[in-house]
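Pasting a structure below so you can have a look.
The values are calculated or read from the model by the stated rules, or taken from the named source; none is laboratory data. As the structure is a prediction and not an experimental result, all values here were calculated from the model. Glycine also receives a Cβ, built like all others from the backbone with ideal geometry; neighbour counts cover every protein chain displayed. Note: areas computed on protein heavy atoms with side chains; ligands, DNA, RNA excluded. Shrake-Rupley method; radii C 1.70, N 1.55, O 1.52, S 1.80 Å.
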Amino acid sequence: MSAERADYVISSFWPMLEAAILYTLPLAVISFFCGLLIAVIVAVIRTLPSPNLPLKLLQALCRVYISIIRGTPMLVQIFIIFYGLPEVGITLEPFPTAIIAFSINIGAYAAETVRASIIAIPKGQWEASYAIGMNYRQAFIRTIMPQALRISVPSLSNTFISTVKDTSLASLVLVTELFRVAQNITAANYEFILIYSEAALIYWIFCFVLSFLQDRLEIRLSRHL
């Protein structure tokens, strides 16, 4: 590689890395934690005993929400929020649009992960909690939910890593994240293989680091099992 081309590689790499740090990672982190909050709420609602009609209707709404989000492409959801909502008088900036779309999407998928983890807790844990004087709410918060979240760590970690990669879809609604910057650079010089390979390298580095942290977290949570 010539010195001129090497300089070009370096000069194009840093803008993409900066966009990844300033936009891609914050977008992924904010969306994931907002989505996780939605997921926990939906999962809790779906696992509650349903003796009354209002709770049954709420559980039905949660099932419809999960079905719609899981049954439609994320790109379509982003476009509906960014291009469709202005038709009814709601206009959002690109970054908030991406956060809302990703959070709603993550919430639907993670809700099933959290719900499955709650169901996986043995009934004996409930009985032991009741035996020491806890009510349903105390048993759920102090005994069941901490164990469920630990069980769901691998799946939720994979969801977060996937979210980092999926942030590239935000480029289609003009969020200046990593992939959008890569597109802007290639539009000026047509070095598609070089620039997109650099972008792929940055995504891979981030995901590699997150995978390593996931392994460390799982080991730490398993120490006292």
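Are any residues in segment 191-225 closer than 24 Å to TYR23 by Cβ, of a type outside the set (A, V, I, L, M) and free of Cβ contacts under 8 Å to residues at least 12 places away in the same chain, and if so, which ones?
Once the filter is applied, which keeps residues that are closer than 24 Å to TYR23 by Cβ, of a type outside the set (A, V, I, L, M) and free of Cβ contacts under 8 Å to residues at least 12 places away in the same chain, segment 191-225 yields PHE192, SER197, TRP204, PHE208, PHE212.
Residues to consider are LEU156, LEU174, LEU178; find the one that is under 24 Å from the mean Cα position of the chain (by Cα) and on the phi > 0 side of the Ramachandran plot. Give the derivation first.
Values: LEU156 fails: on the phi > 0 side of the Ramachandran plot; LEU178 fails: on the phi > 0 side of the Ramachandran plot.
The match here is LEU174.
Looking for whichever is part of a helix (DSSP H, G or I), within 19 Å of VAL29 (Cα to Cα) and modelled with pLDDT under 95 here; the options are ALA182, ALA187, ALA170. Which one fits?
The unique qualifying residue is ALA170.
Right, next: Just the residues that are open to solvent by 30 Å² or more (accessible area, probe 1.4 Å), hydrophobic (A, V, I, L, M, F, W, C) and not in a helix (DSSP H, G or I), please, taken from segment 120-161.
Scanning segment 120-161 gives ILE132, MET134.
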